[in-house]
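A short write-up of the structure that comes next.
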Amino acid sequence: MARLDGRLRLGAFLSGTGAHAGSWRHPQADADASLDFERYRQYAQTLERGRFDALFLNDNVAVGELDPRVLRSSGYSLRWDPLTLLPALAVVTRHIGLIATANTSFNEPYNIARTFASLDHLSNGRAGWNLVTALIGGENFNHATHLPHAERYARAEEFFEVVTGLWDSWADDAFPLDKASGTFLDPARMRVLDHQGEYFRVRGPLNAPRPLQGWPVIAQAGSSEAGRALAARSAELVFTAQQTLAEGRTFYEDIHQRLALAGRPAQGLKVFPGLAPVVGRTVSEAQEKAEQLQALVDPEAALKALSFLLDIGIDLARLPADAPVVLPDPVPLTERHKSRQQLVVDLIRRENPTAGQLLRKLGAGGHRLLVGTPRQIVEEMACWFEEGAADGFNLLFTHLPGGVDDFVEWVIPELQRLGLFRREYEGRTLRDNLGLQHIHNRRFMG
Ligand SMILES: Cc1cc2nc3c(=O)[nH]c(=O)nc-3n(C[C@H](O)[C@H](O)[C@H](O)COP(=O)(O)O)c2cc1C
């Protein structure tokens, strides 16, 4: 395992009160995490003490399933606006990267380019943008229904071009701020974008300086065919959700092949599968913790929520508790989250679970739940790294702050003791710490 030489990278995927369907009811959980800033300040500072590369806030622009049975017991309907929360976290932290989802379906590229450029300066080069096509929310943005998957991705491709073009509006030395000569900026060091495309007409330039990192780190989180194509062209961090090592390796190989075809170097993209650890000092303590979480889940509501996410044409809550889930034939193709639907369909075909078993397995937002001692969790992480399925992980904590505290107190020291993870931050920016290159301005080369 020592081969890793401290190179494992870690992101913290934070969401509401935690990633488990039972999270907010846990005795060690802050049920008000999405209401009280002090909570997130504390999580961010604990993660920074644990030397995490980044924290990541996912986002949706809708409440999702409105069935009262689901709503009543779910902590997911409430969340901070990530681009309001991250600037506040930027001023109470110094090292940890700050990554936010901003969807390309219901935003405008100019606003997003500007906000992330500002966040990058405010945080001294720690910003990252998770570029996704919105999972839900069309009805809140003037559409009768959600936008079709292919259209969302077509818009995302062009959105990326415009945002990155706007970030290159100014050379790094475009602002001499010379009081003596009266030269605030040098117009010769400015480029007007003049983008005219299918979805956007944007003249530019951006009224923000070039981000400190060149561009904020670009993350991407949809693994469908269209999502992988976009990632190969644009992403430097890819967030995924594979359940098995074999799936992880297949994805990793596929994305690297696409990367090579796009003419990009292998070290320019890091794959972070999601992992939801339940840590105990002994195996039985870890299992008890997992049982305690499971007991807090309202099964009917959670199964309904899962049915909404999977969109496979059946209500899992209506199935008999002890019978295996029978998939419709053919499985109706979702327009929402294609790769997640596929992962779960594969899991059902592979393991033939009952609805209850499926719920236990996918209790952490569909990401892989790993119950064990610090040593077991570390071994599993090292195995995925060494077998070519991960460059690091996005850790989802079952509840906040308990899940973060357990990981930082027990797992991080074990990773460090085995030489798998840093003891101090290597660099100043998120790019430095992730081992990603600064992005030079394409319009002012040399
Ligand atoms: C780790 C992870 C994080 C994600 N975060 C978001 C998010 O914050 N907001 C969102 O709308 N979709 C998020 N997604 C889902 C997809 O990016 C999005 O639904 C996309 O529209 C379709 O994904 P697909 O390419 O797999 O079909 C996430 C997916 C993964 C695996």
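The values are calculated or read from the model by the stated rules, or taken from the named source; none is laboratory data. These numbers were taken from a predicted model, which means no experiment stands behind them. Positions of Cβ are generated from backbone atoms using ideal geometry, with glycine treated the same way; all protein chains shown enter the neighbour counts. Accessible surface is based on the protein model in full, side chains and every heavy atom, while ligands, DNA and RNA are left aside. Shrake-Rupley method; radii C 1.70, N 1.55, O 1.52, S 1.80 Å.
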Restricted to segment 308-339 and to residues being in a helix (DSSP H, G or I) and modelled with pLDDT of 90 or more, the residue nearest to the chain's Cα centre (by Cα) is S339
Mind checking whether some residue in segment 196-205 is at pLDDT 95 or above, in contact with a Ser or Thr (Cβ under 8 Å, 6 or more places away or on another chain) and not in a helix (DSSP H, G or I)? yes
Number of the condition not met by N58 [criteria: (1) more than 15 Å from the ligand (Cβ to nearest atom); (2) under 30 Å from R428 (Cβ atoms); (3) touching a residue at least 60 places away in the same chain (Cβ under 8 Å); (4) buried (at least 20 other Cβ atoms within 10 Å of the Cβ)]: (1)
Flag for V345 being touching a residue at least 24 places away in the same chain (Cβ under 8 Å), part of a helix (DSSP H, G or I) and not assigned by TED's automatic domain parsing to the domain that holds S223: yes
Closer than 16 Å to L83 by Cβ and in the same structural domain as E48 (by TED's automatic domain parsing): which single residue out of G197, G138, G128 fits that description? G128
Out of all the residues in segment 90-115, which are crowded, with 24+ Cβ neighbours inside 10 Å and of a type in the set (A, V, I, L, M, F, W, C)? I96, L98, I99, A100, A113
Count of residues meeting criterion [in contact (Cβ under 8 Å) with a residue 60 or more places away in the chain, more than 13 Å from the ligand (Cβ to nearest atom) and over 25 Å from A54 (Cβ atoms)] in segment 111-144: 1
Can you go through L185, L177, L147 and tell me which one is within 16 Å of the ligand (Cβ to nearest atom) and either open to solvent by 10 Å² or more (accessible area, probe 1.4 Å) or under 19 Å from the mean Cα position of the chain (by Cα) (or both)? L147
Are there any helices (runs of 4 or more DSSP H) wholly within segment 209-307 with 3 or more residues that are under 30 Å from A171 (Cβ atoms) and assigned by TED's automatic domain parsing to the domain that holds H121, and if so which? 225-234
Criterion first (surrounded by fewer than 17 Cβ atoms within 10 Å (Cβ to Cβ), over 30 Å from G227 (Cα atoms) and without any contact (Cβ under 8 Å) to a residue 12 or more places away in the chain) does E288 satisfy it? yes
Can you tell me which of T93, T101, T145, T133 is polar (S, T, N, Q), modelled with pLDDT under 95 and assigned by TED's automatic domain parsing to the domain that holds F13? T145
I'd like to know if segment 122-131 contains one or more residues that are over 23 Å from G16 (Cβ atoms) and assigned to a helix (DSSP H, G or I). yes
Looking only at segment 23-50, and only at residues there that are farther than 20 Å from P273 by Cα and hydrophobic (A, V, I, L, M, F, W, C), the one that is surrounded by the fewest Cβ atoms within 10 Å (Cβ to Cβ): L35
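Per-residue answers, yes or no, for (1) open to solvent by 40 Å² or more (accessible area, probe 1.4 Å); (2) of a type in the set (S, T, Y); (3) free of Cβ contacts under 8 Å to residues at least 60 places away in the same chain; (4) closer than 19 Å to I136 by Cα:
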position	(1), (2), (3), (4)
L303	no, no, yes, yes
G313	yes, no, yes, yes
L319	yes, no, yes, no
A323	no, no, yes, no
P332	yes, no, yes, yes
E351	yes, no, yes, no
A355	no, no, yes, no
R360	yes, no, no, no
Inside segment 213-229, can you point out the residues that are within 8 Å of the ligand (Cβ to nearest atom), open to solvent by less than 10 Å² (accessible area, probe 1.4 Å) and in contact with a Gly (Cβ under 9 Å, 6 or more places away or on another chain)? Q220
Taking only pairs six or more apart or across chains, which ones have beta-carbon atoms under 6 Å, a first residue in segment 74-85 that is closer than 20 Å to N107 by Cα, and a second residue that is among the acidic types (D, E)? P82/D59
Does D53 qualify as being open to solvent by less than 10 Å² (accessible area, probe 1.4 Å), modelled with pLDDT of 95 or more and of a type in the set (D, E, K, R)? yes
Got a sec? Which helices (runs of 4 or more DSSP H) wholly within segment 1-96 have at least 1 residues that are of a type in the set (D, E, K, R)? 37-49, 68-73
